[in-house]
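Engineer: First the structure, which I've put down as structure tokens, then a few questions once you've had a look.
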Amino acid sequence: MFDYDLVVVGSANADLVIGVERRPAAGETVLGSDLAVHPGGKGANQAVAAARLGARTALVARVGDDPHGGLLLDSLSSSGVDTAAVAAGGAPTGVALITVDPSGDNSIVVSPGANGRLTPEDARTASERVLRRAPVVSAQLEIPLETVTEAVRLLAPGTRFVLNPSPPRELPAELLAACDPLIVNEHEARVIAGDGPLGDTPEEWARALLALGPRSVVVTLGAEGAVTAEAAEGAASADPSAQGAAAGVAVNRVPSVKVEAVDTTGAGDAFTAALAWRLGLGESLPAAAGYAARVGAAAVTREGAQASYPTAEEVEAL
Ligand code: RIB
């Protein structure tokens, strides 16, 4: 029996958000709305999203000993996330400067601050208390790559590792091989593939990424849903008429739900959290991705990242 359903290793940021009519081009100044300060960061967002859905969740992270750190800890605690492995101090809390346009699209610049000081030693400290006490561990890349790699090395045998490599960079083979799944959008897919061929369709991207070594791949497509790819052996629910089991790979297209987007910030984090949680419950990859797409859709209908995340009841009602 596990103590947690999901453990997240990752960042925590104060999101400084300004609504704009148009996101500025290089050299341009635009006027925007009043400033809003929200709890964010891809790691904290994943942890809060999972907890709001009902998952027992813990976060391994680092915040500053400052008011932004307090904002993050309050949001995590009030959402039910275990913060015993959230260290404080060493640098200011990470900050994300975010502009959101009327279509709900955003541009983000992150100052990592304390996230950049989350060390492999912090992961080792969290190992017995948290990291090895969940069936699934997820991570992103707003923290040092060596900390993510160390967290993977510390996992108990059989633990499933889920990675959203955002912001993207080329990944070492050891890390790629641990991903089950690797979750990417189109931009992230292109960076992870490097100079390698990716193909023209999301299904081809997923196949190309799978060939790089991860155990499974999810390509997120925003309002268009997602594509999953995994080894055909043991892959559940592939539709043999439309999918690609022929080459030993099961590829599935997962639809999303049509919603009116208000703010897409953090929707990808909600998708990843929901997917990781459902995989830990034993769902197949396509089924978990289908549920996650609904969670992501719900998240874009409200402002902010953590503030926008739905409960399980709200997902059912969607
Ligand atoms: O994915 C959204 C998140 O990216 C924001 O909350 C911001 O903090 C940045 O980390």
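Engineer: In what sequence, largest accessible area first, do Asp3, Asp66, Asp263 appear using a 1.4 Å probe?
Structural biologist: Correct descending sequence by accessible area is Asp3, Asp66, Asp263.
Engineer: I've got another one for you. Which of the trypsin sites (Lys or Arg not before Pro) found in the stretch 139-201 are loop residues per DSSP with 15 or fewer other Cβ atoms within 10 Å of their Cβ?
Structural biologist: Sparse-neighbourhood loop trypsin sites (Lys or Arg not before Pro): Arg169.
Engineer: Next question, about the same structure. In whole Å, what three semi-axes, largest first, describe the equivalent ellipsoid of the stretch 33-175 built from its Cα gyration tensor (square root of 5 times each eigenvalue)?
Structural biologist: 24, 17, 16
Engineer: Moving to a separate point now. Give me the dipole magnitude in Debye, nearest 20, for the stretch 2-91 about the Cα centre, with unit charges on the beta carbon: positive for Lys and Arg, negative for Asp and Glu.
Structural biologist: Rounded to the nearest 20 debye, it is 240 debye.
Engineer: Share of antiparallel DSSP beta bridges in the stretch 1-160, in percent to the nearest 5?
Structural biologist: Taking every DSSP beta bridge with both residues in the stretch 1-160, the antiparallel ones total about 40 percent.
Engineer: Moving on to the next point. What is the packing order of peptides 135-141, 87-93, taking the mean over residues of other C-beta atoms within 10 Å and listing the highest first?
Structural biologist: Put in order of decreasing packing, that is 135-141, 87-93.
Engineer: So how do Ile98, Ile18 rank on accessible area, 1.4 Å probe, biggest first, that is with the largest at the start?
Structural biologist: Ile18, Ile98
Engineer: Can you give me the C-alpha center-to-center distance between the stretch 5-46 and the stretch 144-211, rounded to a whole angstrom?
Structural biologist: Rounded to whole Å, the Cα centres lie 24 Å apart.
Engineer: Determine, from the Cβ-Cβ distance of Glu303 and Asp3 and an R0 of 35 Å, the FRET efficiency 1/(1 + (r/R0)^6), rounded to the nearest 0.05.
Structural biologist: The calculated FRET efficiency here is 0.60.
Engineer: Pick out, in residue order, every one of the trypsin sites (Lys or Arg not before Pro) in the stretch 76-134 that is DSSP loop and has at most 15 other C-beta atoms within 10 Å; say none if there are none.
Structural biologist: Those satisfying the criteria are Arg129.
Engineer: HN-Hα J couplings of the stretch 82-97 from phi, Karplus 6.51/-1.76/1.60, θ = phi - 60°, integer Hz, Gly and Pro as x?
Structural biologist: Result, rounded to whole Hz: 6, 9, 4, 9, 9, 7, 10, x, x, 5, x, 4, x, 10, 10, 8.
Engineer: Counting only heavy atoms of the protein chains, get the accessible area per residue of the chain (1.4 Å probe) and round it to a whole Å² value.
Structural biologist: Result: 41 Å² of accessible area for each residue.
Engineer: Where the accessible area of the chain is counted over protein heavy atoms with a 1.4 Å probe, how much of it, in %, is carbon and sulfur?
Structural biologist: About 53 percent, which is the carbon plus sulfur part of the accessible surface.
Engineer: Using a 10 angstrom Cβ neighbour count of at most 14 plus a DSSP loop assignment to flag exposed GluC sites (Glu not before Pro), which longest range of the chain is free of such sites?
Structural biologist: That gives 29-127 as the longest site-free run.
Engineer: State the answer as a single residue: which of Val48, Thr265, Ala189 lies farthest towards the positive end of the charge dipole of the chain, with beta carbon charges of +1 for Lys and Arg and -1 for Asp and Glu, about the Cα centre.
Structural biologist: The residue sitting most towards the positive pole is Val48.
Engineer: What does the charge add up to near Arg160, with Lys and Arg as +1, Asp and Glu as -1, over the other residues with Cβ less than 14 Å from its Cβ?
Structural biologist: That sum, taken over residues with Cβ under 14 Å, equals 0.
Engineer: Now for a separate question. Can you compute 3J(HN,Hα) from phi for each residue in the stretch 99-108, using the Karplus curve 6.51 cos²θ - 1.76 cosθ + 1.60 with θ = phi - 60°, rounded to whole Hz and x for Gly and Pro?
Structural biologist: 10, 10, 9, x, 7, x, 6, 9, 10, 9
Engineer: If you don't mind, there's one more thing I want to ask. In terms of modelled amide H atoms, which long-range or inter-chain residues lie less than 5 Å from the amide H of Val136?
Structural biologist: Val7, Arg160
Engineer: Among Ala14, Ala58, Ala84, which one shows the biggest mean-square fluctuation in a GNM of the chain, springs joining Cα atoms closer than 10 Å?
Structural biologist: Looking only at Ala14, Ala58, Ala84, the biggest GNM fluctuation is shown by Ala84.
The values are calculated or read from the model by the stated rules, or taken from the named source; none is laboratory data. It should be emphasised that the depicted structure is a prediction, and the values quoted were computed from it without experimental measurement. Cβ sites come from the backbone with ideal geometry, for glycine too, and all protein chains shown count toward neighbours. When the accessible area is computed, the model is the full protein with side chains, heavy atoms only, and any ligands, DNA or RNA have been set aside. Shrake-Rupley method; radii C 1.70, N 1.55, O 1.52, S 1.80 Å.
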